[in-house]
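In what follows, a structure is listed as structure tokens, so that the remarks can point back to it.
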Amino acid sequence: SRAAAERTITTLILIGVMAAIVVLGSLLASAMYYWSGMNPLGRLHGGVRRIASGEFGERLDERGSREFAELAADFNHMASELATLYTDLETKVQSKSQELVRSERLASVGFLAAGVAHEINNPLNVMSGYAEMARGWLENARRNGNLDEIRQALDIIRDEAFRCKEITGKLLSLATVGDSERGD
């Protein structure tokens, strides 16, 4: 009976050791399984965050189990596509911005041209009107000998011509200031 008791104790110790080995093996297998799944997920999570922050050059290591390797390959493909799309979008935005600046400049030039045309047309209308009147007065002056009205009309025509010259001079000075600013 003592031998039976020792066998029972030895069997229980053996069962305990085996149970401990099984539990330890299970814990070790669980830890390895956990790390083999969590490490790639952690890398994927970090990659997704970097892509979300605009770092489109991010690529993941495609090693590991087949599923994670395929997922990393898909992620890398997506990152490449996003990088290309982002670059294309930046190029288009820059191009459209330049077009907008150009069209705003053209609109400004058009507005300026309309103002200049209006400013020059006024004195030209006055000049042509007085030239017509002076012609008629010249016909009458030949008959009557009165040249004062003709002198006044010619003075107005001269003054209006100088006014046109002043307007174009201001325009030219604006153009020279614009050229020197562009050269800087």
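The values are calculated or read from the model by the stated rules, or taken from the named source; none is laboratory data. On a predicted model such as this, the values are computed, not experimentally measured, just so you know. In this analysis, Cβ positions are derived from the backbone assuming ideal geometry, glycine residues included, and neighbour counts consider all displayed protein chains. Just so you know, the surface numbers come from the protein's heavy atoms only, side chains and all, with ligands and any DNA or RNA stripped out. Shrake-Rupley method; radii C 1.70, N 1.55, O 1.52, S 1.80 Å.
Of the residues making up the stretch 102-136, those that are open to solvent by 60 Å² or more (accessible area, probe 1.4 Å) and over 20 Å from Ala161 (Cα atoms) are Arg102, Glu104, Arg105, Leu106, Ala107, Ser108, Val109, Phe111, Leu112. Number of residues in the stretch 146-161 that are modelled with pLDDT under 85 and open to solvent by less than 60 Å² (accessible area, probe 1.4 Å): the value is 2. Based on what the data block shows, is Asp61 charged (D, E, K, R) and not in a helix (DSSP H, G or I)? Spelling it out, Asp61 is indeed charged (D, E, K, R) and not in a helix (DSSP H, G or I).
Return yes when Gly54 is modelled with pLDDT under 90, part of a loop (DSSP other than H, G, I, E, B) and not acidic (Asp, Glu) and no when it is not. In short, yes. Which members of the stretch 1-50 meet the condition of being farther than 30 Å from Glu62 by Cβ and open to solvent by less than 80 Å² (accessible area, probe 1.4 Å)? Matches in the stretch 1-50: Ala3, Ala4, Ala5, Thr8, Thr11, Gly16, Val17, Ala19, Ala20, Gly25, Ser26.
The set of residues from the stretch 64-95 being outside any helix (DSSP H, G or I) and either in contact (Cβ under 8 Å) with a residue 60 or more places away in the chain or surrounded by fewer than 14 Cβ atoms within 10 Å (Cβ to Cβ) (or both) comprises just one member, Ser65. Close contacts from the stretch 38-60, counting a first residue that is closer than 16 Å to Glu81 by Cα and basic (Lys, Arg) and a second that is modelled with pLDDT under 85 and surrounded by 15 or more Cβ atoms within 10 Å (Cβ to Cβ), with Cβ to Cβ under 6 Å and a gap of 6+ residues or different chains, come to Arg50/Glu58.
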